[in-house]
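Input: a single structure, listed below in structure tokens.
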Amino acid sequence: MVYSFARIGAVIQMKVGDYFVQGRRRWVRLHEKGGKEHDVPCHHRLDQYLHDYIEAAGITDDVDGYLFRAARRKTGQLTTNPLFQQDAHRIIRRRAKAAGIETRIGNHTFRATGITAYLKNSGKLEVAQQIANHESPRTTKLYDRRTDEISLDEIERIAI
């Protein structure tokens, strides 16, 4: 979600075959709202993460199967069923807690983080809008968190 600005609904609906080669690089095909398909080139890290995940999960040849699958209870064994959105949210919260992250994060956090990082690195709002598949740049601006960062040094300037 960070490297493609993808919505959680599009991510959990991905099939293994939605990670594909076009030209000399990998792409992801996202199945967006309203049945639209949106192809996005893979960032080199996303490419490596997906490649490693698919190999470790043993789903390389199951091109019509879901990419992100539900696990069978506590066994960790993957089923052929897609991961539910609420399960993805629980996984994210559990992993954040294990990493010592106290900030409440959710599925949209990754989308906002990706868009903000892109814009901080001199990315253009119009391109971020296209990658995020937003109809309006105003929607993309809602995910821009650059103005949320107030430094401690600035706060310490408050002298009473």
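See the values below:
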| item | result |
| --- | --- |
| Global geometry of region 68-130, whether rounded, prolate or oblate, following the gyration tensor of its Cα atoms and the 1.5 cut on a/c | oblate |
| Per-selection Kirkwood Rh - the chain (Cα, Å, 1 d.p.) | 17.4 Å |
| Kyte-Doolittle at least -1.0, axis length at least 18 Å by Cα - qualifying DSSP helices, the chain | 44-57, 107-120 |
| Subset of LYS33/LYS124; LYS74/LYS97; LYS36/LYS141; LYS36/LYS97; LYS33/LYS120 violating a 29 Å alpha-carbon distance limit | LYS36/LYS97 |
| Helix-only mean residue ellipticity at 222 nm for the chain, each DSSP H run of n ≥ 4 adding -39500 (n - 2.57), per residue, nearest 500 | -11500 deg cm²/dmol |
| Gap separating the Cα centres of region 125-159 and region 46-113, nearest whole Å | 26 Å |
| Size of electric dipole in the chain: Cβ of Lys, Arg +1 and of Asp, Glu -1, about Cα centre, debye, nearest 20 | 400 debye |
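Every read-out reported here was derived from the displayed coordinates using simple, explicitly stated rules and does not represent laboratory data. What you see is a predicted model, and the numbers here were worked out from it, not measured in a lab. Cβ sites come from the backbone with ideal geometry, for glycine too, and all protein chains shown count toward neighbours.
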